[in-house]
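Sharing a structure below in structure tokens format, with a few things to ask.
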Amino acid sequence: SFQNEINEIPFFDIQLPYELALKIFQYLSKTELGRCAQVSRTWKVLAEDEVLWYRLCQQEGYLLDTSISDHSCWKLALRNCRARERTLKTNWKNRIGAVSQLRYELGKILCDVHSCDGVVIAGYTSGNVRLWDTRTWDYTAPILEPVHGPGDAGPQPHVSFVRINSSLAVAVYEDGTVSVWNLMFGREPIHHYQHNQRIQALALGSKGATVATASGFEVRVESPNDRGFWQTTETYEIQKLVNFLNLVPDVTGSPVTVAAAEDIVYLLKAEDPGKILHSVYGQPVTCLDVSAHEAAFGVKTFGWLLNEPNQILLYNLETSQCLKKMGNSIGDFTCVNLQNSPPNMLVTGNKDRRVRVFDLRRSESLCSLYAHQLGVSAVQMDDWKIVSGGEEGLVCVWDQRMGTKLWEMHARHPVRHVWFDSHSLITANIPDEKAPRGASIVDDDLAMHRKHQGIIYAYEFSVDQLAVESVLPICRSSYDEVTGYNYNVGLAVPYDNI
């Protein structure tokens, strides 16, 4: 081929070896490479070299787990990735996609929901734990079996909490039992243990196999040893009841846990068991999130000091120093998301109905969105959008830079879980009332339970959806061409059919 014949590249008045010329071209952007390709035939071959475009593709964050031999034309691969991203963004903004309800009627009332990479876990008042894999739209995913003792003929205890990561699922029951399943190995739990009191908090490591639970004044950390046998790695005694519990992600060696117990935040390590990260008497912690190096939590001040309203504090976990005090709000901060936010960013929800985005390099909020009538209950952001859920049951999608609401969806119960990635969104509305009036009389009446059960929605904004299926089912008519100006709602009435 022509490329194989080129050993020397004309660079103005000198000839350079191909490899050296390639090294120079690797500092150019896409636009500059395009311009260089128009200079001459030899420069065109050089500017379209696969190595350059493979590197550009990787720099922009596309196809990271591929090698250079996986595509024959990396310039085209990059173009396709960018086009797909643009289409996804448009679909998100205009709510073009498919939505499914993840229902499990036999579970009675929904107690807790969690998700990881599109796999959703839900726990119910019937004691059942159910999985769905929305990546394959495989809704026949298993119901995870509890551990059945010899005398377990009666009703199962309610599920209190569920958590899931890429390899494990964990459920905590009202009677203080904990079950751990491996997602690769079927429905039977691989590990099971018991607290003698009700469990207030559960944490599962984002990767690997570590489970932490808090019951009474004890925090317990469980993980498998080198041979795969589960054991209690650490037990910590704490002076107060734990409200929030998080495992620090990406820790090498023994696990590190952050626990918020009323007005104290503990940093629990094996070598330093009772370390207090933060403590101000009479100022309880209202929410907590932890990333690999930092912990962010909301503090309620009760207004003893008028000049110090409720704030979000940011601590460095290595130095235990308070890095930032952010926000000053009359309402309590109800949720904070640090781990899934872009670098140096943090998003919070508050009882004062506002969603606030903070830049960790500054103290004031970048944007403040008036969102939910009864307070914000769940929130997540990426580099351009924010998804928030409220106590009144509304899920809102916002354009962060414009500070505008793109669209919203409503369901009956408070939004307790929000998770999204580039192409899908999972939301869960979980009722506060676990035993609705009259429910025991009509135990088998599924219509009664539908109203009170709570609901999980899975949205798919992927490019691969068929055009007909791409309108979310709000209202559909048999007219194809007439669409409402917003939300793609076809509201035409087909009189001609009469």
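The values are calculated or read from the model by the stated rules, or taken from the named source; none is laboratory data. Nothing here was measured: the structure is a model prediction, and the numbers come from that model. Here the Cβ is made from the backbone with ideal geometry for all residues, glycine too, and neighbour counts use every protein chain on show. Note: areas computed on protein heavy atoms with side chains; ligands, DNA, RNA excluded. Shrake-Rupley method; radii C 1.70, N 1.55, O 1.52, S 1.80 Å.
Of all residues in the range 178-207, count the ones that are assigned to a loop (DSSP other than H, G, I, E, B) and open to solvent by 40 Å² or more (accessible area, probe 1.4 Å).
Qualifying residue count for the region: 12.
Right, another one. Consider Arg412 carefully, then state whether it is assigned by the TED database to the domain that holds Lys451, open to solvent by 30 Å² or more (accessible area, probe 1.4 Å) and either modelled with pLDDT of 95 or more or more than 27 Å from Gln101 (Cβ to Cβ) (or both).
So Arg412 fails the test.
Aromatic (Phe, Trp, Tyr) and farther than 21 Å from Asn80 by Cβ, is that true of Trp43?
Taking the combined requirement at face value, the residue satisfies it.
Going through Thr334, Thr348 one at a time, which residue ends up being within 20 Å of the chain's Cα centre (by Cα) and open to solvent by less than 20 Å² (accessible area, probe 1.4 Å)?
None of the other options fit; the residue is Thr348.
Looking at (1) assigned to a helix (DSSP H, G or I); (2) in contact with a Pro (Cβ under 8 Å, 6 or more places away or on another chain); (3) closer than 30 Å to Trp384 by Cα, which is the one condition that is false for Thr42?
Exception for Thr42: condition (3).
Can you confirm whether Asp289 is modelled with pLDDT under 90 and of a type outside the set (A, V, I, L, M)?
Answer is no for this residue.
What pairs come out if I take residues in the range 47-62 that are assigned by the TED database to the domain that holds Arg79 and open to solvent by 20 Å² or more (accessible area, probe 1.4 Å) and pair them with residues that are modelled with pLDDT under 90 and assigned to a loop (DSSP other than H, G, I, E, B) whose C-beta lies under 7 Å away, six or more apart or interchain?
Between residues of the range 47-62 that are assigned by the TED database to the domain that holds Arg79 and open to solvent by 20 Å² or more (accessible area, probe 1.4 Å) and residues that are modelled with pLDDT under 90 and assigned to a loop (DSSP other than H, G, I, E, B), the close pairs are Gln58/Leu64.
Inside the range 61-81, can you point out the residues that are out of contact with any Cys (no Cβ under 6 Å at 6 or more places or on another chain) and either within 23 Å of Gly118 (Cβ to Cβ) or not in a helix (DSSP H, G or I) (or both)?
Listed by number, the residues that qualify are Gly61, Leu64, Asp65, Thr66, Ser67, His71, Ser72, Cys73, Asn80, Cys81.
Moving on to the next point. Can you tell me which residue among Ala47, Ala98, Ala37 is under 30 Å from Ser206 (Cα atoms) and in contact with a helix residue (DSSP H, G or I) (Cβ under 6 Å, 6 or more places away or on another chain)?
After ruling out the rest, the residue left standing is Ala98.
Test Gln239 against the criterion of being open to solvent by 40 Å² or more (accessible area, probe 1.4 Å) and part of a strand (DSSP E or B), and give yes or no.
Spelling it out, it is not the case that Gln239 is open to solvent by 40 Å² or more (accessible area, probe 1.4 Å) and part of a strand (DSSP E or B).
Can you tell me how many residues within the range 82-108 are open to solvent by less than 70 Å² (accessible area, probe 1.4 Å), hydrophobic (A, V, I, L, M, F, W, C) and not in a strand (DSSP E or B)?
Count: 4.
Would you check which residues across the range 361-384 are part of a strand (DSSP E or B), at pLDDT below 95 and closer than 30 Å to Glu60 by Cβ and list them?
Across the range 361-384, the qualifying residues are Ser365, Leu366, Cys367, Leu369.
On to the next question. Within the bounds of the range 109-120, is there any residue that is surrounded by fewer than 20 Cβ atoms within 10 Å (Cβ to Cβ) and without any contact (Cβ under 8 Å) to a residue 40 or more places away in the chain?
no
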